[in-house]
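Notes for the one structure printed next.
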Amino acid sequence: MAKVIAITNQKGGVGKTTTACALCGKLSIDGAKVLGVDLDPQGNFSFSLGADIEDSYTVHDIFKSNISIEQAIQKVDTCDIIASNILLSGTELELTQVGREYILREEIGKIRDQYDYIIIDTPPALSILTINAYAAADELIIPMTPEILSLQGISQLKETIFAVKKYYNPHLDLRGILLTKYNRRTNLAKEVEELTQIIARQLETRVFDTKISQSVAVAEAPAHSMTLIEYAPRARATQDYIAFVDELIGGRNVEE
């Protein structure tokens, strides 16, 4: 039965998609059967993994009940993926039925036993798509950059997470905050990390020990439709992500 992990932050540019790709890449390399689900209408997760976002079924078709979830699954080099495109941006207005918050959870439930991990990349907004991701997930990971505005965004995210746990998914586990684009040499990074520890305690979670370094390879990898781990295995950020995944799963083997 798959562990469902959603990568979330209402602020853009914090490394959500890079983190989702890195998770898919490292878990697949370790032998896990992985499915990525792209819930961002920009389709960056899909593009980064080399999925077809123009002439194939997407997560939008699933929300509209046009197809079965199995029909939307694409196989790419890294893993399986359910892609997204700009059509998904109209979902907020299109979904008006009772129980719309549970659509993704119900659909994932039909294929959950086929995977070890399902990784969901969420949009940079608190929308019905984000609520669907939270309702479907077992765990949340919040990537954030060491900036003051990122701290403000996480404070706002706190209310949404607590509301979802209360009304939609009481078993949702906020695994932790992942600091990305981290420059260990700056005083700001250290100061923000200290403030993040305070917010993490308020969220009843933690800041991951692993920090993701800044790297030009992070921006280059999507242009080659590759995960960072595949594109630049020796880059500092790649090694950081490998360490992060090991920290996340506690060094367990996939089979355990």
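The values are calculated or read from the model by the stated rules, or taken from the named source; none is laboratory data. Fair warning: this is a prediction, and the values are worked out from it, not measured in the lab. Every residue, glycine as well, gets a Cβ built from its backbone with ideal geometry; the counts of neighbours run over all protein chains shown.
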- Quickly run through segment 62-87 and pick out the residues that are surrounded by 19 or more Cβ atoms within 10 Å (Cβ to Cβ) and not hydrophobic (A, V, I, L, M, F, W, C). GLN74, THR78, ASP80, SER84, ASN85
- Please specify each residue of segment 109-129 satisfying the condition of being assigned to a helix (DSSP H, G or I) and under 15 Å from the mean Cα position of the chain (by Cα). LEU129
- Message: For segment 39-62, which positions are in a loop (DSSP other than H, G, I, E, B) and more than 19 Å from TYR134 (Cβ to Cβ)?
- Response: GLN42, GLY43, LEU49, GLY50, ALA51, ASP52, ILE53, GLU54, ASP55, SER56, TYR57, THR58
- Message: Considering only segment 65-72, I want to know if a residue exists there that is modelled with pLDDT under 95 and either under 20 Å from ASP173 (Cβ atoms) or among the charged types (D, E, K, R) (or both).
- Response: no
- Item | ASP38 vs. criteria acidic (Asp, Glu), touching a helix residue (DSSP H, G or I) at 6+ places or on another chain (Cβ under 7 Å) and either under 23 Å from MET226 (Cβ atoms) or surrounded by fewer than 23 Cβ atoms within 10 Å (Cβ to Cβ) (or both) | yes
- Message: Can you report the number of residues in segment 63-90 which are in a helix (DSSP H, G or I) and out of contact with any Ser or Thr (no Cβ under 8 Å at 6 or more places or on another chain)?
- Response: 6
- Note on the structure: The number of residues in segment 143-194 that are free of Cβ contacts under 8 Å to residues at least 60 places away in the same chain, touching a Leu at 6+ places or on another chain (Cβ under 7 Å) and within 18 Å of ILE212 (Cα to Cα) is 4
- Note on the structure: GLY109 fails exactly one of (1) surrounded by fewer than 16 Cβ atoms within 10 Å (Cβ to Cβ); (2) touching a residue at least 24 places away in the same chain (Cβ under 8 Å), namely (2)
